[in-house]
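Colleague: Just dropping this structure here.
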Amino acid sequence: MFEQTQIQEFKEAFTIMDQNRDGFIDKADLRDTFAALGRLNVKNEELEEMVKEAPGPINFTVFLTMFGEKLKGTDPEETILNAFKIFDPEGKGHIKADYIKEMLMTQADRFSQEEINQMFAAFPPDVSGNLDYKNLCYVITHGEEKD
């Protein structure tokens, strides 16, 4: 289901989240992980909902299975690229950041300003104000940037 490098990355993530190093991720581990990321006031109900997504105690195998199920619904890279190409009729491989921002905030499932800020923080436009959507699609589908 996953490549060896992906499994290693998931193992590293699991180890980081398993704060008490008991081999399982529980509510206390999730609370500590959120705290390490700067989010201190996580509601107990929110943590319970996360833990309930698993069929049982969350060891690494369950963790990996859960990620596989979540990622199964991800569209293939070509599908996502084709969606962006609608905004790039000349096939340049990039879109003006201001244009895509306007489209995302005014069409269909509209993005909020915060969502736009998050997107551009993760994928900043280049010095010319262009968003490299080919790289963005690669990261969405592969989880890491091209070398």
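The values are calculated or read from the model by the stated rules, or taken from the named source; none is laboratory data. None of these values were measured; they are calculated from a predicted model. Neighbour counts run over all protein chains shown; Cβ positions are idealised from the backbone, glycine included.
Colleague: State which residue is modelled with the lowest pLDDT when the search covers only region 3-15 and only residues that are over 21 Å from GLY56 (Cβ atoms) and surrounded by 12 or more Cβ atoms within 10 Å (Cβ to Cβ).
Modeller: So the residue we want is GLN6.
Colleague: A further question on this structure: How many residues are under 17 Å from the mean Cα position of the chain (by Cα) and exposed (fewer than 14 other Cβ atoms within 10 Å of the Cβ) when one looks only at region 17-49?
Modeller: Here the count works out to 1.
Colleague: Which of the following residues is within 22 Å of VAL139 (Cβ to Cβ), in contact with a Cys (Cβ under 7 Å, 6 or more places away or on another chain) and not acidic (Asp, Glu): PHE111, PHE84, PHE67?
Modeller: Sole residue among the options that is within 22 Å of VAL139 (Cβ to Cβ), in contact with a Cys (Cβ under 7 Å, 6 or more places away or on another chain) and not acidic (Asp, Glu): PHE84.
Colleague: Kindly evaluate GLY68 against the criterion of being in contact (Cβ under 8 Å) with a residue 12 or more places away in the chain and either of a type in the set (Gly, Ala, Ser) or not in a helix (DSSP H, G or I) (or both).
Modeller: Yes.
Colleague: Something else about it: Would you confirm, using the coordinates I've provided, whether GLY56 is farther than 20 Å from GLN8 by Cα, modelled with pLDDT of 85 or more, in a loop (DSSP other than H, G, I, E, B) and within 19 Å of the chain's Cα centre (by Cα)?
Modeller: no
Colleague: Name the residues in region 53-67 that are within 20 Å of ARG21 (Cβ to Cβ) and of a type in the set (Ser, Thr, Tyr), would you?
Modeller: THR61
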